[in-house]
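Novice: My questions all concern the structure below.
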Amino acid sequence: MSTRVLVVGADAAGMSAAHQALRTARRTGNDIAVTVLDKGTHTSYSACGIPYWMAGDVASGDDLVARTADEHRESGIDLRMGVEVVGSDLQARTVTTADGETIGYDELVVATGAPAVVPDWALQADGTAYDGVGVVKTLDDGAAWVKRFAAADSAAHVVVVGAGYVGVEVAEAALRHGFGVTVLTRTRGMSMLEDELSDTVNTGLVDAGVELVLGAEVTGLELDGDRVTGVRWDGGSREADLVVVAIGVEPATGFLAGSGIETADNGALRPDPHGRVADHVWAAGDCCEVRRRVDDSWVFRPLGTYATKQGRALGDTLAGGALAFDGMVDTSITRFAHGDVYLEIARTGLSRSEAREAGLDPVDLLTEGTTATGYMPEAEPLSVWVMADRTTRRLLGVQVVGGHGAGKRIDAAAAVLWAGGSVDDLAWMDLAYAPPFATTWEVLQVAARRVAERL
């Protein structure tokens, strides 16, 4: 009899796990049958691409779909869309759907993702968002925003609540359409960066025409019936035609309530490197925390790069293989571009505060340079922040903000962090040079060298 594998969630982690399980089963000779349930309408799409669809860089939501539902089914997966799982019985090995159906399994894979957080002030009494208010998470969200942007007057004003990666990307999209843009953030903006680099991004936003309000806690909306007309926050208000809520996401693990499975405070699961969370229960993707290798801590980082790797390792192990997802080093990147402003924003490793919380003795320094040799027309400003441990000289974190070509420099630093290397390793490793791409002493290495000299 086939082993019944039930996957809940049909996006990056879930479908990576499903396909890898089938591939490994063919190799190992195991007989498995994979069923995937998802409450949504789309599979295997790039949520990260939605702001660029909103901006007009991507022509259609279909372009963001890596593999359609029919393509998954053609691969031998029993994929059922529009099916929401609302309960589970791990002893009986069953799940319950919103329609009351009970579905059994031998192995359960939780890949339910993390829906966007929607605060109470954005919701009507029936739980739906006010007209003109929404999040940016699913393809349906993206389609709604493309429609709203197309219907909006050229003088429309968009308020973006949240100044993280999604908030900044959506601000760029709104500016592209010629809308006025206000960005509200409870923090200093781009809080995943150190103050020095966060300030650079904030300056870029303002120079591009964004009204940026720091330390703004939204308290409510101005309304005309059920239509938004403005946003209120402590100390101010702003008229608004559209309001984008981009304040984060939360794991969708509610259907496991009462199961006895341990979760983090926010409900996230903590699978082992092979994806196991309990006997016959596996998990991967945005519903999980991931282990950060730099300080051996669990953190919630809902990123597609982690989800697909977790899913692949899980699917392989479940079907008799031995692949493992051995954590991450907290690497991420984005861009903000409008008019004369162009900023690539990237970071890897720990922040200064995280290093101190981990009991380390961090030494850090900001270094300014250019993306290419100064005499080349391609040369643009580049700021590199490097942090190392005073005692061990181990590299702890790197952050980069700069012009064209700045951002992917972060990958060299991430490689050193992954290997547990020192700041000296980063300073002296062999990197490519030619005048259009770098300086003779690459700025990333100059920054590392300067920190090394202070240890």
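Novice: Taking Cα pairs under 8 Å and at least six residues apart, what relative contact order does the stretch 1-144 come out at, in percent? Mind dumping the intermediate values first?
Specialist: Values: 223 pairs, mean separation 42.1, N = 144.
Across the stretch 1-144, relative contact order equals 29 percent.
Novice: Pop the C-beta distance of Ala257 and Val299 into the FRET formula with R0 = 25 Å and round what comes out to the nearest 0.05. Could you put the intermediate results ahead of the total?
Specialist: On the way: r = 23 Å, r/R0 = 0.91.
Plugging the Cβ-Cβ distance into 1/(1 + (r/R0)^6) gives 0.65.
Novice: If you restrict to DSSP beta bridges whose two residues both lie in the chain, what percentage is antiparallel, to the nearest 5?
Specialist: On the way: 55 of 91 bridges.
Expressed as a percentage, antiparallel bridges in the chain total about 60.
Novice: Another one. Figure the gain on full extension for Asn266 and Arg67 (residue separation times 0.36 nm, minus the Cα-Cα span) and round it to one decimal in nm. If you can, show how the numbers build up before the last one.
Specialist: Values: separation 199, 0.36 × 199 = 71.64 nm, distance 3.04 nm.
Between Asn266 and Arg67, full extension yields 68.6 nm more.
Novice: So what is the relative contact order of the chain, in percent, for Cα pairs below 8 Å that sit 6 or more residues apart?
Specialist: Values: 1049 pairs, mean separation 64.9, N = 455.
Computed value for the chain: 14 percent relative contact order.
Novice: How many nm is it between the label spots at Ala125 and Thr219, if each spot is 7 Å from the Cα in line with the beta carbon?
Specialist: 2.4
Novice: How high is the relative contact order of the stretch 332-452? Use alpha-carbon pairs under 8 Å, at least six apart in sequence, and give a whole percent. Don't jump to the answer; show the numbers that get you there.
Specialist: Numbers: 265 pairs, mean separation 33.6, N = 121.
It comes to 28 percent, rounded to a whole number.
Novice: If I model a spin label at Asp57 and Ala358 as a point 7 Å from the Cα along the Cα→Cβ vector, what separation in nanometres do I get?
Specialist: 3.0
Novice: On a full-extension model of 0.36 nm per residue, what is the gain between Glu368 and Ala324, subtracting their alpha-carbon distance, rounded to one decimal in nm?
Specialist: Values: separation 44, 0.36 × 44 = 15.84 nm, distance 3.85 nm.
Roughly 12.0 nm would be gained on extension.
Novice: Here's another thing I want to ask about it. Could you work out [θ]222 nm for the chain from helices alone, using -39500 (n - 2.57) per DSSP H run of at least four and dividing by all its residues? Round to the nearest 500 deg cm²/dmol. Don't skip to the answer; put the middle values down first.
Specialist: Details: 11 runs with 113 residues, N = 455.
Calculated from helices alone, the mean residue ellipticity at 222 nm is -7500 deg cm²/dmol.
Novice: Between Asp199 and Asp89, how high is the FRET efficiency from 1/(1 + (r/R0)^6) when r is the Cβ-Cβ distance and R₀ = 51 Å? Nearest 0.05.
Specialist: On the way: r = 52 Å, r/R0 = 1.02.
FRET efficiency, Asp199 to Asp89: 0.45.
Novice: Let me ask something else about it. Can you work out the Karplus-derived ³J(HN,Hα) for every residue in the stretch 131-142? Use 6.51 cos²θ - 1.76 cosθ + 1.60 with θ = phi - 60°, whole Hz, and x for glycine or proline.
Specialist: Going residue by residue, I get 4, x, 10, x, 10, 10, 9, 10, 5, 5, 4, x Hz, with x marking Gly and Pro.
Novice: Out of residues 5 or more away from Val249 or on other chains, whose amide H comes under 5 Å of its own, with H placed 1.01 Å from N in the peptide plane?
Specialist: The answer is Val117.
Novice: Compute the label zone of Met429 within the stretch 270-300: residues whose backbone N is under 16 Å from the point 7 Å along Cα-to-Cβ.
Specialist: 293-294
Since every read-out is calculated from the coordinates, none of them should be taken as a lab result. Everything numeric in this text was worked out from a predicted model, so none of it was measured. With ideal geometry, Cβ positions are generated from the backbone for all residues, glycine too; neighbour counts draw on all protein chains shown.
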